[in-house]
Each structure stands twice: as C-alpha cells, then as structure tokens.
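Asks: What follows is a structure written as structure tokens; I'll ask about it next.
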Amino acid sequence: MAEATQDGRYTVGVDLGGTNIAVAVVDDVYTVMAGQKVPTDPRDGAEAVADRIAEAVGEVVGQAGVRADSIRGVGVGAPGPLDPESGVVSFAPNLNWHNVPLKSMLESRLSVPTFVENDVNVGTLGELRLGAGKGAKQLIGVFVGTGIGGGMVLDGELYRGANFSAGEVGHMIVKTGGPRCGCGNRGCWEAVASRQAIVRRLVRAFRRGARGPLYKMTKGAPSKIRSRALSRAFLDGDPLVIREMKREAKYLGMGVANLINLFSPQMVILGGGVVEAMGDWLIKRVRRSTRRYALAHALEGVDIVASALGDDAGILGCAVLANGRLSQMAES
Ligand SMILES: [Zn+2]
C-alpha cells in the first residue's frame, strides 16, 4: 500500500446509490487507499444522507491514514438527472429527492471542493480514463442492473446534453406495447432488458410451475434472484435461465445497435451486475445480436467490450471527476 505523506494528493470518491453509499480514498495514481460501504437509508431524508456521507468520508480518511487537509477534492456519483455545475440533483426517484443541492450540502459539511455528476456518467468516465475505454474519443457506456443507464463520450469528453439528460438510453423504446416501465411508457429498453425485467419474467415462469436450479437456489423469491444467482443457475444448465439470457442478449444487442446507428461510437462498453456476472458468454451473444440489428456501415470497426473496472468504475470515476474539475478550476 502506498505511503500516505504528501499533501493534496488524495481525492475521495462517493458512489451514492439507493441502497448503499460506497466511499473511498484514492491517491493520485488511482490506487484505492481505503474504502467502505454504508447504508443509504433514504427514508431519513436528504440531510441525514448528507450527514452519513460526511461521516463515512471522515472514517475512510482516518482508515487511509492520511491527513484531512491532504484531501484535495471529493467526487460524487449520484443517481438521476442533475446539474453538474450547481450540483443540484433534480430528481432521483430511488432516493425520493427533488432539487436537492447535494454539492453545497456536502461542501458545508466537508469544507473540501465537491463535484457531483450523474452516477452512470461517472462510471463511463472511469472506464474512459482508466478502464476499457482508455484513449477512445467516441464511446458509450451501458450499465445493466436494476435499470439500464448510459453515459456518452463525445470528442473525449462526457456529453451531457442541453438538459443534462443525455444517455438516458434505458428509455429508448424497443418493443411497442411491451412491459410497463418506471417512466410510464411501455417497452422501454430497461423494461425488457434490465435485471428487474429478467426477474419479472422468471417469477412469472415460476408461478406457472417452472422449476430448476434457480428455483431451488432462490425458492422463487424475487429479492434473491440477484445477478450472481442467475449466473450460477446458468452454469448449472438451468434451461429457464439459459432461455432468459439468450433473450437478454437479443434485447441488449437491439439497443446497442440503435445506439451505434445514432451515435457512431468507436466503442460500446457494457457493465453492471448482469453483464459482469454473465461475462464473456453474454458479450459474445450481444455482439452477434448487434450485428443483426445495426447498419453494417455504422458497425464497422466498433468494439463491443466488457467494463474493465467492474465494481470500482464508480469510485474511480468519482476520483477522475474530482481531479478533472480541480485542474479545470486551476486553469481558469
Ligand atoms: Zn422508460
């Protein structure tokens, strides 16, 4: 582990999710010095969540053995559309937040420059600078978990769009009259291809009496059908899960093809729990399905790859975010 001496070398990454908050101290070569996860408990309200983040930051700084004044900035990945300049989270349904000024709430508690960015953008930024996307100019990160989120990189920088909502790829419609999505529409990409969508179809099959390794493992309880259980059942040869994963690859490829046709990226990086758990098999199938749906010309030379940073994409992306904004501030 790196020796903690020099001042101003460290940043803190905060990956704020609906269930957990991951916090870590990261040094200037992106080594994680110390980290921990605490529950978000969003029901206590935004002020309480900010208190918990501040407390967790204090703790990891202590664990890393660095002085508090050697932290040069804090990067936060938060859900929902947000304004990265003001650091106000406009809307985060899983936290029940509306217009929460997260940046100023944290700066008043931590007394360190704090930068807030959409969580999926942060993950994409991590992959761009440190992971599978190193050196790419045009890329799209797609993260498949409870929902499907996307981050877009244009000319080597995050593309946020006029309303900071660019990359809401989960709400592209891929199936007319398909299942209802959290956004109110039907047939959105995440309504057919997120983990939640997979779980919904599996639970329906269990209700009809389908059985197999996954059922044995989970007793059909939706909360137990996590990405890892899916991959274990898949490896056990569970026919139901194999069928679902083939369908998953088809839908993922369909959405990726839409993105490639629209955006002409050099690279599409696939990450998130489902992709990580299923690994190479899924990536290969998604490539095949993408070939079927994308325009041949748009697809030429496009790499479709798995995320390289995995779980750390968020935290490391937060550190990249903080360092990038700090050097922008120093230049201006
Ligand atoms: Zn939707």
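Asks: Within region 105-173, which trypsin sites (Lys or Arg not before Pro) sit in a loop by DSSP and count at most 11 neighbouring Cβ atoms inside 10 Å?
Replies: Lys134
Asks: Hey, what do the phi angles of region 69-84 turn into as Karplus ³J(HN,Hα) couplings, whole Hz, using 6.51/-1.76/1.60 and θ = phi - 60°, x for Gly and Pro?
Replies: 7, 8, 8, 8, x, 10, x, 10, x, 10, x, x, x, 8, 9, x
Asks: OK, next. Would you please give the residues with an amide H less than 5 Å from that of Asp303, counting only those at least 5 places away or on a separate chain, with H modeled from the backbone geometry?
Replies: For Asp303, whose amide H was placed from the backbone, the distant partners under 5 Å are Met267, Val268.
Asks: Suppose every Lys and Arg Cβ carries +1 and every Asp and Glu Cβ carries -1, with no other charges. What dipole size does the chain come out with about its Cα centre, to the nearest 20 debye?
Replies: Dipole of the chain, to the nearest 20 debye: 2500 debye.
Asks: Amide H neighbours of Gly271 under 5 Å, counting only residues 5+ apart in sequence or on other chains, H built in-plane at 1.01 Å?
Replies: Result for Gly271 returns Val142, Phe143, Val144, Ser307.
Asks: A further question follows. Quick one: ranking Ser90, Ser307 by accessible area, 1.4 Å probe, largest first, what do you get?
Replies: The most accessible residue leads, giving Ser90, Ser307.
Asks: Using 1/(1 + (r/R0)^6) with R0 = 41 angstrom and r between the beta carbons of Ala68 and Asp280, what's the FRET efficiency to the nearest 0.05?
Replies: On the way: r = 43 Å, r/R0 = 1.05.
Approximately 0.45, to the nearest 0.05.
Asks: Say R0 is 22 Å: what FRET efficiency, to the nearest 0.05, do Asp236 and Asn20 get from their beta-carbon distance?
Replies: With R0 = 22 Å, the Cβ-Cβ based efficiency is 0.20.
Asks: With the full set of protein chains in place, find how many percent of the accessible area of region 155-288 is carbon and sulfur; take the probe as 1.4 Å. Walk me through the intermediate numbers first.
Replies: Values: 3120 of 6610 Å².
Here it works out to 47 percent.
Asks: Can you send over the solvent-accessible area of Arg291, 1.4 Å probe, protein chains only, in Å² to the nearest 10?
Replies: Approximately 150 Å² for this residue.
Asks: Using the eigenvalues of the Cα gyration tensor, what equivalent ellipsoid semi-axes result for region 60-212 when each is taken as the square root of five times the eigenvalue, whole Å, largest first?
Replies: Working from the Cα gyration tensor, I get semi-axes of 33, 19, 17 Å.
Asks: Same structure, new question: How many percent of the alpha carbon pairs in the chain exceed a separation of 29 Å?
Replies: Cα-Cα pairs of the chain separated by over 29 Å account for 39 percent.
Asks: Using alpha-carbon positions, what is the distance between the centroids of region 164-222 and region 84-105, in Å?
Replies: Each part's Cα centre sits 27 Å from the other's.
Asks: Sort Lys246, Lys216 by heavy-atom solvent-accessible area, probe 1.4 angstrom, most to least.
Replies: Lys216, Lys246
Asks: Hey, could you get me the Stokes-Einstein D for region 177-330, Kirkwood radius over alpha-carbon pairs, 4 °C and 1.567 mPa s, rounded to whole µm² s⁻¹?
Replies: Roughly 76 µm²/s, to the nearest whole number.
Asks: Over region 189-230, average the accessible area per residue using a 1.4 Å probe and give it in Å², no decimals.
Replies: That works out to 53 Å² per residue.
Asks: Still on this model: Determine ³J(HN,Hα), in whole Hz, for all residues of region 139-156 in sequence, where each value follows from phi through the Karplus function 6.51 cos²θ - 1.76 cosθ + 1.60 and θ = phi - 60°; x replaces Gly and Pro.
Replies: After applying 6.51 cos²θ - 1.76 cosθ + 1.60, I find 8, 10, x, 10, 10, 9, x, 3, x, 10, x, x, x, 10, 10, 10, 6, x Hz.
Asks: First select every other residue whose beta carbon is under 15 angstrom from the beta carbon of Phe263; then total the charges, Lys and Arg +1, Asp and Glu -1.
Replies: Overall, the nearby charge balance is -3.
Asks: Tell me, what is the 1.4 Å probe accessible area of Thr19, in Å² to the nearest 10?
Replies: 100
Asks: Under the definition of Cα pairs under 8 Å and six or more residues apart, what whole-number percent is the relative contact order of region 1-89? Intermediate results must be reported in sequence, preceding the final value.
Replies: Numbers: 149 pairs, mean separation 31.1, N = 89.
This gives 35 percent for region 1-89.
Asks: Then there is this: Between Arg243 and Asn163, what FRET efficiency comes out of the Förster formula 1/(1 + (r/R0)^6) with R0 = 30 Å and r the beta carbon distance, rounded to 0.05? Working shown, then result.
Replies: Details: r = 39 Å, r/R0 = 1.29.
Between Asn163 and Arg243 the formula returns 0.20.
Asks: Let me ask you something else. Considering only DSSP beta bridges whose two residues both sit in the chain, what percent are antiparallel, to the nearest 5? Could you put the intermediate results ahead of the total?
Replies: Numbers: 29 of 49 bridges.
Around 60 percent of the beta bridges assigned by DSSP in the chain are antiparallel ones.
The values are calculated or read from the model by the stated rules, or taken from the named source; none is laboratory data. Here the structure is a predicted model, which means the values were calculated and not measured. Neighbour counts run over all protein chains shown; Cβ positions are idealised from the backbone, glycine included. Just the protein is used for accessible areas: all its heavy atoms, side chains included, with ligands, DNA and RNA removed. Shrake-Rupley method; radii C 1.70, N 1.55, O 1.52, S 1.80 Å.
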